[in-house]
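The values are calculated or read from the model by the stated rules, or taken from the named source; none is laboratory data. These numbers come from a predicted model, not from an experiment. Cβ coordinates were reconstructed from backbone atoms using ideal geometry, including for glycine residues, and neighbour counts include every protein chain displayed. Heads up: the accessible areas ignore ligands, DNA and RNA and are worked out on the full protein's heavy atoms, side chains in. Shrake-Rupley method; radii C 1.70, N 1.55, O 1.52, S 1.80 Å.
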Amino acid sequence: MNKTGYFTHSDFLKHEMGPGHPECPERLEAIERQLQASGLADSLERRDVPLAAIGDIELAHDRMLVAAIRGLGQQLADDIVAGGPSHVQIDPDTLMNVHTWTAALRAAGAAVAATDSVMAGEITNAFCAVRPPGHHAERSKAMGFCFFNNIAIAAKHALERHGLKRVAIVDFDVHHGNGTADIIQGDDRILMVSFFQHPLFPFSGADSDAPNMLNLPVPANTRGMD
């Protein structure tokens, strides 16, 4: 019988980037409410969400980025004790609080655990309701609400830890997955297919010379094949 694994954790609700920020804990609460209201929640197999190993994070990210994010979290905790601010800013719209480091590790951990569970035959497929998101996080840079690139980490994990020969990433969002593209471009073991509104932040994806990437920019309010 087919099973869909559902990976989420209360740590994802603790990460927040200030009042009124659009990438907020309520996003996951809305998913949970809809799953319950629709009856789909009863069809899902809830799974544990571990913290990702640093070694798995570094399959997709430079060690200096990982150390910087961890260091910022520790410094923020110290500053709060001394009466400092509750958040540290990464870019104009990306902020950390003291729970961000743990949430980011667990978000990547969910993607890795989902991959492991599918590979082990325990589940057929998986849905990971996680925060922070990931597809804007580049190899050496956190940006666009994202700290670690969860899907790129999972893809690299599948290749390196499970010995797969080929992996496909299908990225669909109003924004181009520039971070995923930065990490996997030129890796002929990974095909990335990305469709997104263009032009729009981060104003990338319309052109790519990487042979393992298929970008499909579409205008706002597109009617698909029309």
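Working from Cα pairs under 8 Å separated by at least six residues, relative contact order for the range 55-148 is 30 percent. Ranked by the mean number of other Cβ atoms within 10 Å per residue, highest first, peptides 184-194, 143-153 order as 143-153, 184-194. Of all lysines in the structure, the ones whose alpha carbon falls short of 25 Å from that of Lys3, not counting any fewer than 8 places away in one chain, are Lys156, Lys165. Helices of the chain meeting both criteria, an alpha-carbon length of 24 angstrom or more along the long axis and an average Kyte-Doolittle score not below -0.5, with helices taken as full DSSP H segments, are 63-81, 100-119. By the rule of a C-alpha distance below 15 Å, with chain neighbours fewer than 8 residues away ignored, the aspartates and glutamates paired with Lys141 are Glu58, Asp62, Asp91, Asp93, Asp182. Listed values (i) 1.03; (ii) 1.18; (iii) 1.49 include one computed from this model; for Cα Rg over 2.2 N^0.38 Å that value carries the label (i). For the chain, with all protein chains in place and a probe radius of 1.4 Å, 55% of the accessible heavy-atom surface sits on carbon or sulfur. Per-residue ellipticity at 222 nm, computed for the chain from helices alone with -39500 (n - 2.57) per DSSP H run of at least four residues, works out to -11000 deg cm²/dmol. If you take the square roots of the eigenvalues of the alpha-carbon gyration tensor of the range 25-69 and sort them as a ≥ b ≥ c, do you get rounded (a/c under 1.5), prolate (a/b over b/c) or oblate? Note, shape of the range 25-69 comes out prolate. Per residue, the accessible area of the chain comes to 52 Å², computed with a 1.4 Å probe over protein heavy atoms only.
Centre-to-centre separation between the Cα atoms of the range 175-210 and those of the range 49-97: 25 Å. The heavy atoms of Leu59 present about 40 square angstrom of accessible area, all protein chains included, probe 1.4 Å. Considering only alpha-carbon pairs that sit under 8 angstrom and 6 or more positions apart, the relative contact order computed for the chain is 19 percent. Just checking the listed ones, His21, His157, His87: in the Gaussian network model of the chain with Cα springs under 10 Å, the one fluctuating most is His21.
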